[in-house]
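The values are calculated or read from the model by the stated rules, or taken from the named source; none is laboratory data. Since we're looking at a predicted model, the values are computed, not measured. Quick reminder, even Gly has a Cβ in these numbers, built from the backbone with ideal geometry, and neighbours come from all protein chains shown.
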Amino acid sequence: MEAQLIQAVEIASNPLANAGPELTSQALQFLEHLKSITEESWSVGWAVWSARNDGGDGPKYSHNARMFGLMLVDDFLENKIGMSSDPAAAVATLQEAAVSYIQQEYVAGSGDQAVPYLKNKFAQVLAVLLLQTYSLPPPFTLLPTLLSLYRAHPSNSPSLGAGSSSQLPLNPYTSDLVLRVLHDLSVTLGSDATLRAVRSRERLQRDAAIRDEIRANHAASIAETVWSIVEQGHARVNQGAAADAAAAGGGSGLRTMTYANAVELTAAATKVVEDYVSWIDISLFVTGQTVPLLFQLLHHTLPSLRAAAADALHGVVSKGMKPADKLSLAQALNLTDVLPPLEARTRTSAPQDDKGKVVSGAGDDSDANVEFREHLAKLTNVLVLEMCKIVEDEAADEATRTAADALLNGALPVVLCFLSDEFDDPSEQVLSGINAVLNNYKKAKRRGAALAPVRGEFLSNLIRVVLQKMQFDEEAEWNGASFGAADDDDEEEDEVDIKFIELRKNLQTIIGAIAAIDEGLFSNTLLQLVLSTFASFEASAAGTATQRLRWQQVELALFVIHFYGDLLTTATAAPKVGLSPATFVQLPEGETAKGRNLKISNDVLATLPLSTLGEMVQKLVQSNVSAYPHPAVQLQFFECLIRYSNFFAARSASVSEALPAFLDWRGIHHERQGVRKRANYLFYRFIRDLRTVGALPLDIVPRLLEGMQDVLAVRAELPDVGPDEDPLQKATAPAGFFDSQLYLFETSGVLVSLLHASPDDQVMLSRAIAQPLIEQLQQAVQGFQRDGSDLRLVLQVHHLMLALSSLAKGFPDVHPQSTQPEPRWVEVFKAVTEQILVSLTALNQFAVIREAARGAFARIVSTCGKAVLPYIPGLIDALLGQVSAEELIDFINFLGLVVNKYKESVRPIIDQLFLMLVERIFYFLNQDIAGTDDAVRKAELQRAYINFLSAMVGSGMDGVFVSEKNRGQLETLLQSIVYYSTASDPSCQRTAFSILHRLVATWGGKEGEDATAAGTAAAAANGTNSAGSAKSSSSSSGATAAGASATPSKPLPGFERFIYETLVGLVFEAPAKDTFDLRDAQSQIVLGEIALLMKTIYLKRGEELVTYLVTVYFPGINCPAELAQDFVAKLKTLEAKQFKAYLQQFILQSRGGA
């Protein structure tokens, strides 16, 4: 098998060099088979891994083959050892073989040829093997054996004599292996919290037992080994690379460390310190000899050594200890004195010496230095977190907490230094520590403690640094894609921008915490930044500024304004009602206590003085800062206006100062397409919000519409496409500039709708906007009819349809039950609807046109209501012949909404179209399924169909099913509902049964039963009394049964036959199916509907049903007479909820269960 494995690996790893795909496939299948039986194949895997060449001085097989063999061993030890016939023997065999291999390959050989991935995998396997050896009887010898090998040298070395092995130098190969194994062992045993979180309880218990064994018997040896490697490695590093030649010529025969070996081993050993200090006695790692050694490494010039030392110290500081012991440790380490000079010397700009003087020359902004600062920041942060824990620990004595607070205060200046780093990675490392400090301050404030001067100074410095950190870098290139302002051909969001936006959110949280601690500092600092920036801008605009104002500064001021309101209301514990108009004014003393959500008229608001936030927004509007020539400034200005649109309810006169920016080169006429896209949406939001608070002066509406006139032009452009691409689909698939332009048409509709007091003006302006578009629509259709190859005209039709419907969307919806005269502007949209229908009929072969027409109708119907319902038959007629399954799903859902909303008003239309619609639905439902997409599509169509029928029944339109036009298809319709009650997903099943029990409530009564009796019966089925108060309900049927009880009884001749021949059996057969999972929550809801169906049948047919069950149905299915009698008794007496529980037990009995 060994030879087969080698051959299979060679074939699989180089398929192009072999005979063909069949041979490669066979090789892969053989290897997969070996991986599936590692309880047997592990021995072959180890043989391949450990085999030596003919000379005995190196591995026999290729790296790929050996790696695969080792993977088999790894899987066996990790997952399959329990399947071995003798696990203990297998582990003992591997232990002995592993030690022998290490002696050959690492003590005397090439150390797996220094191939990193081979060494890593072997170390990983050894770590897993180590864990398995602890299942053997003690003593546990593998770990001590490994630890003893870091000084082992070839047995033929002349210098090996009778001297102690502790005097021998390190063997770089074995030392490297030992460190790798120790690292993997610690991670595997749980020093990695992430791994612990996903492990089973049994695995955690086993790991804990092994850790206890290692602590008791091997911890000292591990510490001695690691520190010996650190010490000797560091000493060798200090000798420099020049010592390599002397070491090589020593003639001792011992393995010697090169300078490169020493650097790698010292860094690796120092990292192992971090691994073990978290779960081994700290006295083994923190001593009078080891701490100075760590600090020497921390100050080393080599990046890998100082970074490893910082991480090791991080592990030391974060070790779980009692508060007093942790404080003593922190004081002994004295990091508050060690870290500041290091931070100053490593700054990437203007570095400083130990005395704080700026060192000449440029800072070190290399990746290695920035990464080291990140490690230093992480170390500083953990010190802060640990001191915060002590300060907040009520179990600690007062002296300990006071000393910890003093040490914490000593660390805060260096925290601010890292937070202000010009690179973000070091800054991000101290965020959690800062938040812990601020939480500490907030708790102290809640206890009533005054803010100490040292804390106040820290907060003052912190908010200054945070605001500076929130600013874009001076060299930053603003990428519109990351801020919702991408051009159509822009690339995706920039990763740097995404990280900066996330950092801003975290910094905003810090400022929010400061606001909760010291609102005055928060408000004054932010207000000063805003006002000083605006003053600089005004000076710059006037030509009196001493230095140029950068866009980053202006954008920051606007960003501060944007989040100021949220943080202010949170900090002051104001009612969570949002930024209402009252937020922007100073309320009278008696009104303040009532909260900010007051109903105060705009006229009264205008007489009240502005609050601090109101003054800030007013200053923003009056500053003309939006004229700064940078898109980031303009968009942030617009975002602020949207954020504080309620301000204009208090100062409506300021609207005229805010709007020009939207209309000119700063907004919807901006030179950059991406900015225009965003501005189009923001302008729409602003106008819509102003309408909500009644703050838009009506006299400016005509001027606004005039200013928008040129941007309402629709110009469709086809994209460049490949040979297999559809230009129409490509043009409409992504959300491009035209989609944002639709917001302008909707905005136009909003503006015109405000003139409801002047119907003539509304009609005139509506027609002025719509008529040119209607004419263009006609021209485009006619143009395509002349030249059927011009697809741009098809796209133009698509755009014009959506533009016209977006105009309608801006108007308020006409209520379905409104008794008011039809608004005059509706006539304009009747003409629009007619032209859309004409265009659809002419171009319905194009999917994009059908989609646009459906979307346009949905918008216009929602707005104009009953006035355009008569156009729906024409829409269906134009669509159904060409519609696809996906389109039909959308259209059915649209019709369902229309039915729910307009009910009786749309009955004649649905009656006229129902049969044609159902035939088209059945056409697609009867199609064969060719793949997953087809199956998903079919399930969605089933759901849409059943939901549509449910909407009809719920709206009292069940009469359509039995109308003269449709009654011939009633049986097919009913059978389809029955079919989907069992052959669909639970949601569809529930709806199907809901339809059935409501039809029974309506049609299932006896001749002569009156409507009142039907209502009482349906209410009783749902467990409600005649007054409508709930006695009980099924798990899902409250709404559906309520609808049934409101439906007059209209007994349908012959329907009782359907009840007895189909529905009664369905009640028992559906939940009895193997696919009906009674443990599933969704199936329980379906069962509730089934129970309600049976209750409704009984309440409509009475003793007739009981007789049928006892004499016909139950005997026919061989149900015992006692069980049958029990069922009918429960059916008569139990309410719906209790009957559902009984029905479940009945079904379980029928399945042979309990």
Of the conditions (1) surrounded by fewer than 19 Cβ atoms within 10 Å (Cβ to Cβ); (2) under 30 Å from the mean Cα position of the chain (by Cα), the single one that GLN927 does not satisfy is (2)
The condition of being part of a helix (DSSP H, G or I) and surrounded by fewer than 16 Cβ atoms within 10 Å (Cβ to Cβ) holds, among ILE501, ILE511, only for ILE501
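Would you check if ARG151 is charged (D, E, K, R) and at pLDDT below 95? Explain how you work it out, then say what you get.
Numbers: charged (D, E, K, R): yes; at pLDDT below 95: yes.
Spelling it out, ARG151 is indeed charged (D, E, K, R) and at pLDDT below 95.
Does at least one position in segment 709-732 carry a residue that is in contact with a His (Cβ under 9 Å, 6 or more places away or on another chain), exposed (fewer than 13 other Cβ atoms within 10 Å of the Cβ) and not in a loop (DSSP other than H, G, I, E, B)? First the steps, then the outcome.
The first filter runs over segment 709-732 and keeps only residues in contact with a His (Cβ under 9 Å, 6 or more places away or on another chain), leaving 710-711, 714-716, 728, 731-732.
Remaining after also requiring exposed (fewer than 13 other Cβ atoms within 10 Å of the Cβ): 710, 715.
Add one more test, that the residue is not in a loop (DSSP other than H, G, I, E, B), and what stays is 710.
Yes, that holds for at least one residue.
Kindly indicate whether LEU467 is over 30 Å from GLU555 (Cα atoms) and either in contact (Cβ under 8 Å) with a residue 60 or more places away in the chain or buried (at least 20 other Cβ atoms within 10 Å of the Cβ) (or both).
Numbers: over 30 Å from GLU555 (Cα atoms): no; either in contact (Cβ under 8 Å) with a residue 60 or more places away in the chain or buried (at least 20 other Cβ atoms within 10 Å of the Cβ) (or both): yes.
Taking the combined requirement at face value, the residue does not satisfy it.
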Taking segment 657-681 and keeping only residues that are without any contact (Cβ under 8 Å) to a residue 60 or more places away in the chain and either β-branched (Val, Ile, Thr) or farther than 22 Å from GLU746 by Cβ (or both), one is left with GLU657, TRP665, GLU671
Of the residues in segment 600-638, those that are under 11 Å from VAL585 (Cα atoms) and part of a helix (DSSP H, G or I) come to VAL604, LEU605, THR612, LEU613, GLY614, GLU615
GLY736 meets each of (1) farther than 26 Å from PRO772 by Cβ; (2) under 36 Å from the mean Cα position of the chain (by Cα) with one exception, condition (1)
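Can you find a residue in segment 633-641 that is in contact (Cβ under 8 Å) with a residue 40 or more places away in the chain and either basic (Lys, Arg) or surrounded by fewer than 18 Cβ atoms within 10 Å (Cβ to Cβ) (or both)?
Initially, segment 633-641 is screened for residues in contact (Cβ under 8 Å) with a residue 40 or more places away in the chain, giving 633-641.
Then keep just the ones that are either basic (Lys, Arg) or surrounded by fewer than 18 Cβ atoms within 10 Å (Cβ to Cβ) (or both); that gives none.
Taking every residue of segment 633-641 in turn, none turns out to be in contact (Cβ under 8 Å) with a residue 40 or more places away in the chain and either basic (Lys, Arg) or surrounded by fewer than 18 Cβ atoms within 10 Å (Cβ to Cβ) (or both).
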Being at pLDDT below 95, of a type outside the set (Gly, Ala, Ser) and more than 33 Å from the chain's Cα centre (by Cα) narrows ASP710, ASP724 down to just ASP724
Given (1) closer than 26 Å to ARG691 by Cβ; (2) not in a loop (DSSP other than H, G, I, E, B), THR819 misses just (2)
Filtering segment 1080-1097 down to residues that are under 34 Å from the mean Cα position of the chain (by Cα) and surrounded by 24 or more Cβ atoms within 10 Å (Cβ to Cβ) yields VAL1086
Taking first residues from segment 97-110 that are on the phi < 0 side of the Ramachandran plot and second residues anywhere that are surrounded by fewer than 16 Cβ atoms within 10 Å (Cβ to Cβ) and among the polar types (S, T, N, Q), the pairs with Cβ under 8 Å that are 6 or more apart or on different chains are VAL99/THR145; ALA108/SER155
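When you go through LYS443, LYS505, LYS469 one by one, which is the residue that is basic (Lys, Arg) and under 22 Å from GLU386 (Cα atoms)? Show your work before the answer.
Working: LYS505 fails: under 22 Å from GLU386 (Cα atoms); LYS469 fails: under 22 Å from GLU386 (Cα atoms).
Unique residue meeting the criteria: LYS443.
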Scanning segment 134-148 for residues that are buried (at least 21 other Cβ atoms within 10 Å of the Cβ) and touching a Ser or Thr at 6+ places or on another chain (Cβ under 6 Å) gives LEU142
task = Could you tell me whether segment 872-893 includes any residue that is modelled with pLDDT of 95 or more and aromatic (Phe, Trp, Tyr)?
result = no
Requested in this report: Determine whether VAL273 is under 28 Å from VAL187 (Cα atoms) and outside any loop (DSSP other than H, G, I, E, B).
Outcome: yes
Inside segment 930-971, the number of residues satisfying the requirement of being among the β-branched types (Val, Ile, Thr) and loosely packed, with under 12 Cβ neighbours inside 10 Å is 2
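Taking the conditions exactly as written (closer than 17 Å to ALA1072 by Cβ and of a type in the set (D, E, K, R)), does LYS1130 satisfy them or not?
Values: closer than 17 Å to ALA1072 by Cβ: no; of a type in the set (D, E, K, R): yes.
So LYS1130 does not fit the description; no.
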Taking first residues from segment 69-91 that are under 23 Å from PHE30 (Cβ atoms) and in contact (Cβ under 8 Å) with a residue 40 or more places away in the chain and second residues anywhere that are small (Gly, Ala, Ser) and surrounded by 18 or more Cβ atoms within 10 Å (Cβ to Cβ), the pairs with Cβ under 6 Å that are 6 or more apart or on different chains are GLY69/GLY45; VAL73/GLY45; SER84/ALA90
